[in-house]
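The values are calculated or read from the model by the stated rules, or taken from the named source; none is laboratory data. The structure presented is a predicted model; accordingly, all values stated were derived computationally and were not measured. Every residue, glycine among them, receives a Cβ derived from its backbone with ideal geometry; neighbour counts consider all protein chains shown. With ligands, DNA and RNA removed, areas are computed over all heavy atoms of the protein, side chains included. Shrake-Rupley method; radii C 1.70, N 1.55, O 1.52, S 1.80 Å.
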Amino acid sequence: MARLVVLGGGVAGHTTATFAAKWLGSSHEVVVVTPNSKWNWIPSNIWVGVGQMTKEEVTFDLAPVYKKAGITYHQAKAVSINPEGKADSDKPFVTIEYTDADRVGQVETIEYDYLVNATGPKLNFDATPGLGDGNGQMGENTVSVCTADHAVHASHELEKCIEAMKAGNRQKFLIGTGHGMCTCQGAAFEYIFNIEHELNKAGVRDMADMKWISNESFLGDFGMGGLHMKVGGYVVSSKLFAESLYAERDIEWLIGAHVSKVEKGKLAYELLDGSTGEEEFDFAMLIPPFAGVGLKAYDKAGEDITSKVFAPNGFMKVDANYNAGSYENWKASDWPRTYQNPDYKNMFAAGIAFAPPHIISKPMSSPNGTPINPTPPRTGMPSGIIGKAVAHSICDMITKGEDAKLHEASMAEMGAACVASAGKGVFSGTAAAMTVYPVVPDFEKYPSTGRDTEYTFGEIGLAGHWIKHILHFMFMYKAKLNPGWTLIPE
Amino acid sequence: MKKEEMNFQKHEQFTLTMMPGIFAKKMRTCIIWQAIRFAIINIKMLVVVSKSH
Ligand SMILES: Cc1cc2nc3c(=O)[nH]c(=O)nc-3n(C[C@H](O)[C@H](O)[C@H](O)COP(=O)(O)OP(=O)(O)OC[C@H]3O[C@@H](n4cnc5c(N)ncnc54)[C@H](O)[C@@H]3O)c2cc1C
């Protein structure tokens, strides 16, 4: 009997564990180690953040779902990996620390035959002074929508601002990224439009000044170096598409910005041209930069091999080309295909947890040497697809032998659908529905724009909003393993 | 001044972009048109999904 241990019960880890449990049946064991007791459909946190959904609508308890799937569940966080075992045993193991109320702080080790690291991002608020609280958590100066709890807090703060505007006080909204090396611009993009929609609905839009602040060198970069998409019969740059959306809604933008410090009601920034400035705000939602969750790795002798297993940003090394050199030399083929660790063949990383070979956008820095460029997004669809491919590979290795052919899921051959809602309401809501194919541009295959413009398109309308809604219910349904869940694509 | 053109003068940044006119805006919430778009976008997204697996 083989044991697969999956670290992380988010989009990628949940996909890996549930498919592996289904394919392997009861003859092998699937274990999930994750600190959260609830699964969260993170994209819908946006609606929680504007008070249009409750935390309960975007989360559910993991324990009964894992029981139903025959998965062993530890509510704990992984601390370290010993891929070579220890002095008296060759069996690899992970060290975990429980987070549930009954066993909080207890440490245990779990041996494994196969390991998947799907621990997602550490929300690195402390990278920007004042964005974090100094203890790794979000500070009190801004809000976030990265977790369901953060989003609930954000919606309360938004409510206070709406009340202030109703009482006749103008409010300044600042939404975007809180550091020069952030990703996930799409989430902030969606949030600013949802806020704008809610302010209109509340009849206070004219009392609000709204501004976008981000590390993108142009609006619409989205961490993918921008994209050319089909809109209304034209092939246009996402720059024009995004600028039009902002201008239509009277939202100013400040781009190429590294937020260097946040205080109560004020932040400082540095721009790509080296200039610095300050922005005041009453409400700010700034996405923090992401890093790996800080897992350590040790060899058989107990020596620290963290730098061998993980990249400096804390994400796990996989089968990517980490020596691609400068921007001009980057190729689609630098991106990983199997997500297998090059040194330990029974170890994989899925979702945000794998170390990308390099960023996708053009690298930029200010004359002062401050890097200001988006890091690559690894959104829900790629995370799910990668999680499933990894599950497939491991199941084959278990059932057919260690040399089984691995399944592949390169982000340079994979699309992503992004539906950025701009307000909720069956007949009044709209959303920018965008698909990009492939996520990582391939200029050898598509020399002009790097992407297939037949399948890279965007439009705004009610249809996108309906799709976003359906996606919410579909993915919650699928993640709960309700009947027919395997038929719903990632 | 036409309503849809008002934002052009609100900020210098806005002058170099495009603004939707009344017709384009109406089509965004026109149920019949959006039902058609819904079908087309879904088909396209399904193709992207199938190409990605
Ligand atoms: C506000 C917001 C909106 C978004 N909207 C969209 C969208 O519209 N469309 C889209 O495609 N994507 C969207 N995304 C991105 C999407 O949520 C991520 O791509 C996806 O969640 C990544 O999956 P993951 O499994 O890698 O990470 P996660 O889903 O974050 O899962 C990581 C898991 O690992 C656990 N973990 C952390 N540390 C440890 C540890 N030490 N040991 C064990 N487990 C650990 C965490 O608790 C978590 O359960 C959005 C993201 C945000 C923040």
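Search the stretch A:293-322 for residues that are within 13 Å of residue A:355 (Cβ to Cβ) and assigned to a helix (DSSP H, G or I) and pair each with any residue that is open to solvent by 70 Å² or more (accessible area, probe 1.4 Å) and basic (Lys, Arg) when their beta-carbon atoms are under 8 Å apart and the residues are at least 6 apart or on different chains.
Final answer for the pair search is A:306/A:296.
Look through A:192, A:213, A:251 and report the one residue that is aliphatic (A, V, I, L, M) and in contact with a Leu (Cβ under 7 Å, 6 or more places away or on another chain).
Exactly one of A:192, A:213, A:251 is aliphatic (A, V, I, L, M) and in contact with a Leu (Cβ under 7 Å, 6 or more places away or on another chain), namely A:213.
Just one of the numbered conditions (1) within 16 Å of the ligand (Cβ to nearest atom); (2) within 23 Å of residue A:56 (Cβ to Cβ) is not true of residue A:185; which one?
(2)
Cβ-Cβ distance below 6 Å, separation of 6 or more or different chains: which pairs start in the stretch A:179-204 with a residue that is within 14 Å of chain B (Cβ to nearest Cβ) and at negative phi and end on one that is more than 10 Å from the ligand (Cβ to nearest atom) and of a type outside the set (A, V, I, L, M)?
Sorted first by the residue in the stretch A:179-204, then by its partner, the pairs are A:196/A:249; A:197/A:423.
Would you kindly identify the strands (runs of 3 or more DSSP E) lying entirely within the stretch A:180-275 that contain at least 1 residues that are closer than 14 Å to residue A:287 by Cβ and open to solvent by 20 Å² or more (accessible area, probe 1.4 Å)?
The strands (runs of 3 or more DSSP E) meeting that bar are A:257-263.
Out of A:410, A:333, I need the residue that is open to solvent by less than 10 Å² (accessible area, probe 1.4 Å), of a type in the set (Ser, Thr, Tyr) and touching a residue at least 24 places away in the same chain (Cβ under 8 Å). Which one?
A:410
Would you be able to say whether some residue in the stretch A:382-403 is within 11 Å of the ligand (Cβ to nearest atom) and more than 18 Å from residue A:320 (Cβ to Cβ)?
Taking every residue of the stretch A:382-403 in turn, at least one turns out to be within 11 Å of the ligand (Cβ to nearest atom) and more than 18 Å from residue A:320 (Cβ to Cβ).
If I go through the stretch B:1-36 residue by residue, how many of them are of a type in the set (Ser, Thr, Tyr) and crowded, with 16+ Cβ neighbours inside 10 Å?
Selection size over the stretch B:1-36: 2.
I'd like to know if the stretch A:380-395 contains one or more residues that are closer than 18 Å to residue A:224 by Cα, touching a residue at least 40 places away in the same chain (Cβ under 8 Å) and open to solvent by 20 Å² or more (accessible area, probe 1.4 Å).
yes
Could you tell me whether the stretch B:16-32 includes any residue that is facing chain A (nearest Cβ under 8 Å), aromatic (Phe, Trp, Tyr) and assigned to a helix (DSSP H, G or I)?
The answer is no; no qualifying residue exists.
In this structure, is residue B:36 more than 7 Å from chain A (Cβ to nearest Cβ) and farther than 22 Å from residue A:240 by Cα?
Judged against the criteria, residue B:36 is a match.
Do you know which of the residues in the stretch A:1-15 that are over 20 Å from the mean Cα position of the chain (by Cα) and under 20 Å from residue A:349 (Cβ atoms) is surrounded by the most Cβ atoms within 10 Å (Cβ to Cβ)?
A:4
Would you please name the residue that is modelled with the highest pLDDT, looking only at residues in the stretch A:16-38 that are open to solvent by 10 Å² or more (accessible area, probe 1.4 Å) and within 8 Å of the ligand (Cβ to nearest atom)?
Per the criteria, the residue is A:35.
Could you grab me the full set of residues in the stretch A:108-159 that are under 21 Å from residue A:375 (Cβ atoms) and among the hydrophobic types (A, V, I, L, M, F, W, C)?
Correct list: A:118, A:123, A:125, A:127, A:131, A:138, A:145, A:146.
Is at least one residue of the stretch A:250-262 of a type in the set (Phe, Trp, Tyr) and either away from the ligand (no atom under 16 Å from the Cβ) or within 14 Å of chain B (Cβ to nearest Cβ) (or both)?
The answer is yes; a qualifying residue exists.
Go through the stretch A:276-292 and count every residue that is part of a loop (DSSP other than H, G, I, E, B) and within 23 Å of the chain's Cα centre (by Cα).
The qualifying residues number 3.
Hey, does the stretch A:355-378 have a residue that's within 14 Å of chain B (Cβ to nearest Cβ) and in contact with a helix residue (DSSP H, G or I) (Cβ under 7 Å, 6 or more places away or on another chain)?
So far as the stretch A:355-378 goes, yes, one or more of its residues are within 14 Å of chain B (Cβ to nearest Cβ) and in contact with a helix residue (DSSP H, G or I) (Cβ under 7 Å, 6 or more places away or on another chain).
Quick check on this structure: which one of A:368, A:346, A:373 is touching a Ser or Thr at 6+ places or on another chain (Cβ under 6 Å), under 28 Å from residue A:312 (Cβ atoms) and either β-branched (Val, Ile, Thr) or touching a residue at least 60 places away in the same chain (Cβ under 8 Å) (or both)?
Of A:368, A:346, A:373, the one residue that is touching a Ser or Thr at 6+ places or on another chain (Cβ under 6 Å), under 28 Å from residue A:312 (Cβ atoms) and either β-branched (Val, Ile, Thr) or touching a residue at least 60 places away in the same chain (Cβ under 8 Å) (or both) is A:373.
Take the conditions within 10 Å of chain B (Cβ to nearest Cβ), within 15 Å of the ligand (Cβ to nearest atom) and either touching a Cys at 6+ places or on another chain (Cβ under 7 Å) or assigned to a loop (DSSP other than H, G, I, E, B) (or both) and apply them to residue A:409. Does it pass?
Spelling it out, residue A:409 is indeed within 10 Å of chain B (Cβ to nearest Cβ), within 15 Å of the ligand (Cβ to nearest atom) and either touching a Cys at 6+ places or on another chain (Cβ under 7 Å) or assigned to a loop (DSSP other than H, G, I, E, B) (or both).
Mind listing whichever residues of the stretch A:110-153 are under 26 Å from residue A:296 (Cα atoms) and among the aliphatic types (A, V, I, L, M)?
Passing the criteria: A:110, A:115, A:116, A:118, A:123, A:127, A:131, A:138.
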